[in-house]
Amino acid sequence: MIKDGKFGVHETIALLTITISAKVFFSSPSVVVAKVGTAGWYMTLISAFVAFLATVLLIRLLSIYPNKTLMEIYEIVYGKVVGKILSLILFASILITIVANSREFIEVMKVYDLPQSPPSYLLILLFLAVSVLAYLGLETIARFSKLMAFFLLLVYISVLVLSMKLYEPHRLFPILGYGLDTTVLSGIQRSSAYGEIIIIGVIIGSLHGLKHAKRAAYLSLIISASIITTALLAFTLAFPYYTGEEITAPIYLMATLIEYGEFIQRIEPLFFFLWNISTVISVAALFYVLIIIYAYIFELDDKRPIIIPLGIIVIFLALVPQNIVQLTIGMVNMIRSYGWAFYFIPPVLTLAIAKITKRYGGSTQ
Amino acid sequence: MKKKILLIITIIMLMVTLTSCYDAREATSVSFVQMIGIDQGITDKWRITVKIASMQNGDDSSNKGSESSQQTQTKTITIDAPSFNGGIDLFNTNIPQKLDFTHASLLVISEDLAQSGLMGEYITPLVRFREIRRTLNVIVVRGNAQEFVEKTEECNQGSPSRAVVSLIRQGENTGFYPKISLNDFYNGIKSTYRQAVLPLGSVHKKNFDEEGESYNEGVKNTGQYFAGDTQRKGGNTIELLGSALFVKDNMVGKLNGHETRMMMLIRGEFKKGIFTIQDPEASKWIIPIDTRVSRKPNLKIYFDNDRPIISLEVKTEGDILAIQSGINYESEEMIGIIENEMTRYLEKGITSVIHKCQSLNTDPFNFGRTAVKHFLTINEWEKYNWNEKFMEAKVEVKVDFKIRRTGGLLRNSDNNVRDE
């Protein structure tokens, strides 16, 4: 039987930050530029602020029900049937996110680095790594996240610093992009980019109390927002809005343009470490959360037998999008635009209903 | 026992997955393309020329480690094809190794193709192609690209691609041509802030006059030629000098080496170069000055009823390299005369190149990068259409020039002064 284990604030911050930020290395920055033009780098701050408000309410909900996971709270507030349906919605949201993230990773790898390898082969390799991590449990994933976090941060900062030669400040102008209204609306809509923060409600049992969960949630949101904002800012400075929106993997492309004489060039293999490790951690964390929710819904004590079947299901679902357009413009864009409704609305609504009905701890008080 | 079986399975899986993957390629099964030339085709739409490097002894390992096995040979192959990628496949009907573009360092485009208005159509597939890096250098050549790529073989510096890339880097020391990457150029042809510009190259024409009367006319500007036209004997067959101007993806004109320097000064990309001015006190003689930009140009743009007013201030400095007349310009009272003359010279050159570009309706100076700061939204900016409005712009140019050093001589003694 896998034990979720216990880990501290640092591990949680590393786990949540990597899970949230990994997406910035794929097509998301281009989609942001296509939507809001030059304003993408501060649009994401609006998204982070909305996600922060949702997290404050989520933490409030968790504080009303001490030592309870989000799924348990749903059952207490709505009863068993509706509670399970809401857990199932959360399960579906995370499943779609994993499917989209894994396939996007594979597609980008195929475009830039492994064009001959079939997607199924790459997906199997990815899920081998993810399954091993899931097999070893949440604590291992969290501790591995912490172990890699400093290295990943160092590589990320190196890429940003080495790209400085590409930065042109005029590319931030016109400063309002396609207009302030578009930026604010898109910012609110794309708060789903930080939607993975919801998993704090699922893994709360592995943390040392609500105080730790609160600290970890807020700090990881702040760090993730900083990483995503700096990545978008660097991207906006390096590519003008009219060509920036065309690029499949902007941050990778930025790394390929780094050139200091004949000595420092072609440093993108360094970027591959950042890319691959962050994706494996991100997918593994979400995959494990998926297993927790599934085990909860179907009241299974042992999570181990679920890993391989669920992994196979995810691989097959990831192979469903017919092409990269269907994936990025359709699936990924849909998750980023409407994911907030599935990630943030249920807990917020549950908090409101819990406050109105005063149904705390399974009985009306 | 269970653990041992698991370990064995893991080791077998690692052996299978880590040995290689679908994309693994041996160095001997690949031909690395060094240069790409693109012309308009005769029997098909594209005429693609590639210069490929292959190890001299292929995969023969008999003399492994010897010097001869390390030498690279190059071959130039040209093919007509309906598309760039289709052309690559056609090349592989002739070349046993797979063509690999990841190490290509130069893209050569013919002037005809550049002027056809189809550059976007030709460039986009290259930008999309994963093997071509956007750091690839791009040049436009007079004549055809095929000949230019072929003639790089005759460069006297080992590998042709290394020689050409070094030549492109030399532009930084002279300012006679810009160094433009595929990324810069692609951004340029789509830009709302500016228009694209590319360095101009050519196969050198044999036009050196060995005999005739001695030159007896005024002082010519250094670099007042286009590539291929310099009066030269010997040296490499190819040369770079001047630049090609674009409106979107269509080449609309050229700047000679001198005009390109002025453009580079305005862009703030001029590092250093030698300007030769006429001696203000003795017009028969010249004064060469090693010139550099002392500060980034100060550019202010404001609008008068939609008409842009551009105020440009270029700060330069330099060292005197020679005073043929022997006049003591090094003295505190006289040094200002050279500074004023140089200021006039640069102002005239800058104004002239701006007017030339305005008449061609192209802004290669990146003025739009400053103008955009006056606009709040992309819609407003695109509606204003800087690239069209630049033509009507009023440009005020101010140059500041200071002499910093006078070379190995602190002053000319009076008895060295030559007659007019």
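No value in this document is a laboratory result; all are computed from the given coordinates. Quantities reported herein were computed from a predicted structural model and do not represent experimental measurements. Note: ideal-geometry Cβ built from the backbone for every residue, glycine included; neighbour counts use all protein chains shown.
For the residues of A:109-122, the average number of beta carbons from a partner chain within 10 Å of their own beta carbon is 2.
On average, how many beta carbons from a partner chain sit within 10 Å of the beta carbon of a residue in A:163-175? Could the numbers behind the result be given before it?
Details: counts 0, 0, 0, 1, 0, 4, 2, 9, 4, 2, 11, 12, 6.
Rounded to a whole number, the mean comes out at 4.
The simple spin-label model puts a point 7 Å past each Cα toward its Cβ; for B:Asn173 and A:Tyr135 those points are separated by 6.1 nm. Ordering A:Met109, B:Met391 by the number of other Cβ atoms within 10 Å of each residue's own Cβ, fewest first, gives B:Met391, A:Met109.
Most exposed first by the Cβ proxy, i.e. fewest other Cβ within 10 Å, how do B:Ser116, B:Ser325 rank?
Values: B:Ser116 15, B:Ser325 22.
Exposure proxy ranking, most exposed first: B:Ser116, B:Ser325.
Between B:Met262, B:Met35, B:Met334, the Gaussian network model of chain B with springs among Cα atoms under 10 angstrom shows the greatest mean-square fluctuation at B:Met334.
If you plug the beta carbon distance of B:Lys75 and A:Asn67 into 1/(1 + (r/R0)^6) with R0 = 60 Å, you get a FRET efficiency near 0.25. Spin-label model, B:Glu121 to A:Phe272: label points 7 Å out along the Cα-to-beta-carbon direction sit 3.7 nm apart.
Report the longest stretch of chain B that contains none of the trypsin sites (Lys or Arg not before Pro) sitting in a DSSP loop with at most 10 other Cβ atoms within 10 Å. Intermediate results must be reported in sequence, preceding the final value.
Details: sites that count: B:Lys64, B:Lys206, B:Lys233.
Counting only loop sites that pass the neighbour cut-off, the longest clear stretch is B:234-420.
A straight line joining the Cα centroids of segment A:184-246 and segment B:137-153 runs 49 Å.
The HN-Hα couplings worked out from phi for segment B:361-372 by the Karplus form 6.51 cos²θ - 1.76 cosθ + 1.60 (θ = phi - 60°) are 6, 9, 10, x, 8, 6, 4, x, 5, 8, 4, 4 Hz, whole numbers, x standing for Gly and Pro. For B:Ile286, the residues whose modelled amide H falls within less than 5 Å of its own, excluding neighbours fewer than 5 places apart on the same chain, are B:Asp279, B:Gln324, B:Ser325.
Between A:Ala341 and A:Val82, residue separation times 0.36 nm minus the direct Cα-Cα distance comes to 91.5 nm. Please give me, ordered by residue number, the chymotrypsin sites (Phe, Trp or Tyr not before Pro) of segment B:210-252 that lie in loop per DSSP and have at most 12 other Cβ atoms within 10 Å. Passing sites in segment B:210-252 are B:Tyr215. The coefficient of translational diffusion for the protein assembly as shown, derived via Stokes-Einstein from the alpha carbon Kirkwood radius under 4 °C and 1.567 mPa s, stands at 43 µm²/s. Placing a pseudo-label 7 Å from each Cα along the Cα-to-Cβ vector at B:Asp23 and A:Glu262 gives an inter-label distance of 2.7 nm.
Enter the per residue convex hull volume of segment A:142-198, computed from alpha-carbon coordinates, in Å³ rounded to the nearest integer. The partial results should precede the final answer.
Details: hull volume 5.3 nm³, N = 57.
So the per-residue Cα hull volume is 93 Å³.
Once the Cα-Cα distance is subtracted from the 0.36 nm per residue extended length, the B:Lys4 to B:Asn216 segment shows a gain of 66.9 nm.
List the longest stretch of chain A that has no exposed loop site; here a site is one of the trypsin sites (Lys or Arg not before Pro) assigned by DSSP to anything other than H, G, I, E or B, with at most 14 other Cβ within 10 Å. Show your work: numbers first, answer last.
Working: sites that count: A:Lys3, A:Lys6, A:Arg266, A:Lys358.
Free of exposed loop sites, the longest segment is A:7-265.
Shielding value for B:377-384 is 5, the average number of Cβ atoms from other chains within 10 Å of each residue's Cβ. Could you tell me which helices of chain A pass both thresholds, a Cα extent of 24 Å or more along their own axis and a mean Kyte-Doolittle hydropathy of at least 0.0, with helices taken as whole DSSP H runs? Helices meeting the span and hydropathy rule in chain A are A:40-64, A:80-112, A:119-136, A:138-162, A:209-238, A:268-297.
Which residues make up the longest stretch of chain A clear of chymotrypsin sites (Phe, Trp or Tyr not before Pro) that lie in a DSSP loop with no more than 10 other Cβ atoms within 10 Å, not counting the sites? Longest gap between qualifying sites, sites excluded: A:1-262.
Using the Cβ-Cβ distance between B:Asn305 and B:Asn379 with R0 set to 30 Å, the FRET efficiency works out to roughly 0.90. Put the Cα centre of segment B:334-400 next to the Cα centre of segment B:206-239 and the gap is 31 Å. The antiparallel fraction among DSSP beta bridges confined to the protein assembly as shown stands at about 70%.
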